[in-house]
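The values are calculated or read from the model by the stated rules, or taken from the named source; none is laboratory data. Remember, predicted model here, so these are calculated numbers, not experimental data. Note: ideal-geometry Cβ built from the backbone for every residue, glycine included; neighbour counts use all protein chains shown.
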Amino acid sequence: MQQLIDTSRGPFSVHDAGQGQPLVLLHGFPLDHTMWTPQIARFSVTHRVVAIDLRGFGQSPPRAGVATMSEMAADVAAVIEALELGRVVLCGLSMGGYVAFAFQEQRRDLLRGLILCDTRAVADAPEAAKARRVTAERVLKEGTSFLADSMLPKLFAEKTALTHPELVDNTRQVIERANREGVAAAARGMADRKDFTQDLAMIEVPTLVIVGESDAISPAAEMTSIAHRLPRAELRVIPNAGHMAPLENPASVNGAIEEFLNQLP
Ligand code: MLT
């Protein structure tokens, strides 16, 4: 059920469904919880699935300025505490993964397991960070349509765009209705994010690393290297999928998540 909940860090919109061990889902940029629809459908049968709209996305109110990954991680902890979920498996895609890296640094006490999906451990190079800040200004002036045009070809594998154009259309709608202030604040926050590469060897929580074989944003080779550096990680490369693997090949992604959840202590 979709609801606006009160937390110590303000109101957040969450989709909360099912019962059992909690699985918390964090979406990518500039999306919302609806990107997890196939995972919500599958795992709410066996788990309590909480798909959060991060600050400024979906129905969660924005805050002007910069939304850092650390602040978003603190927001996620506030949601977990407000819903009294206890220890959770936290699954983040791309920007959601950046937030998950910050979360494990802040609140390892709240983690049973981590799922890093199509994400990166490195920070932005200076040029990329600068480009994000320019994007933030442009979004505030013009809205998000130009972002949909530039991002969609990178989000989905070419094959998915041909065989499932409805996925691309739905995602375009999500990007076009995204809140300008929320998108700008998160773009600035990503530009400022910490590089976690040197921390990977110290992340001892059981982790599943998932990547679409044709991911153009967080390539499979880069995610393979993340998985190799993490002490307790398993890697699943998802066939017939790009950056939006959970939407593009839900059967394969759900199978990987199910196996991971079943073997957690
Ligand atoms: C995302 O999917 O969240 C974005 O591609 C992340 C990014 O722009 O680095």
L93 fails exactly one of (1) surrounded by fewer than 18 Cβ atoms within 10 Å (Cβ to Cβ); (2) in contact with a Cys (Cβ under 8 Å, 6 or more places away or on another chain), namely (1)
Criterion first (charged (D, E, K, R), crowded, with 17+ Cβ neighbours inside 10 Å, within 15 Å of the ligand (Cβ to nearest atom) and over 20 Å from C117 (Cβ atoms)) does R180 satisfy it? no
Quick check on the stretch 69-87. Is at least one of its residues outside any helix (DSSP H, G or I), under 17 Å from the mean Cα position of the chain (by Cα), surrounded by 21 or more Cβ atoms within 10 Å (Cβ to Cβ) and within 16 Å of the ligand (Cβ to nearest atom)? no
Which listed residue, of P61, P126, is in contact with a strand residue (DSSP E or B) (Cβ under 9 Å, 6 or more places away or on another chain) and either buried (at least 23 other Cβ atoms within 10 Å of the Cβ) or at pLDDT 95 or above (or both): P61
What residue, of P231, P246, is assigned to a loop (DSSP other than H, G, I, E, B) and either modelled with pLDDT of 95 or more or more than 12 Å from C117 (Cβ to Cβ) (or both)? P231
The residue that is nearest to E213 (Cα to Cα), considering only those in the stretch 242-257 that are hydrophobic (A, V, I, L, M, F, W, C) and within 12 Å of the ligand (Cβ to nearest atom), is A245
The one condition V50 fails out of (1) of a type outside the set (D, E); (2) in contact with a Phe, Trp or Tyr (Cβ under 7 Å, 6 or more places away or on another chain); (3) more than 12 Å from the ligand (Cβ to nearest atom) is (2)
Kindly provide the set of residues from the stretch 184-218 that are in a loop (DSSP other than H, G, I, E, B) and within 12 Å of the ligand (Cβ to nearest atom), ordered by number. R193, D215, A216, I217, S218
In this structure, does L54 turn out to be over 19 Å from I175 (Cα atoms) and modelled with pLDDT of 95 or more? no
Just checking, how many residues over the stretch 141-185 are under 19 Å from S60 (Cβ atoms) and in contact with a Phe, Trp or Tyr (Cβ under 6 Å, 6 or more places away or on another chain)? 1
Complete set of residues in the stretch 134-153 that are surrounded by 12 or more Cβ atoms within 10 Å (Cβ to Cβ), of a type outside the set (V, I, T) and within 13 Å of the ligand (Cβ to nearest atom): A136, L147, A148, M151, L152, P153
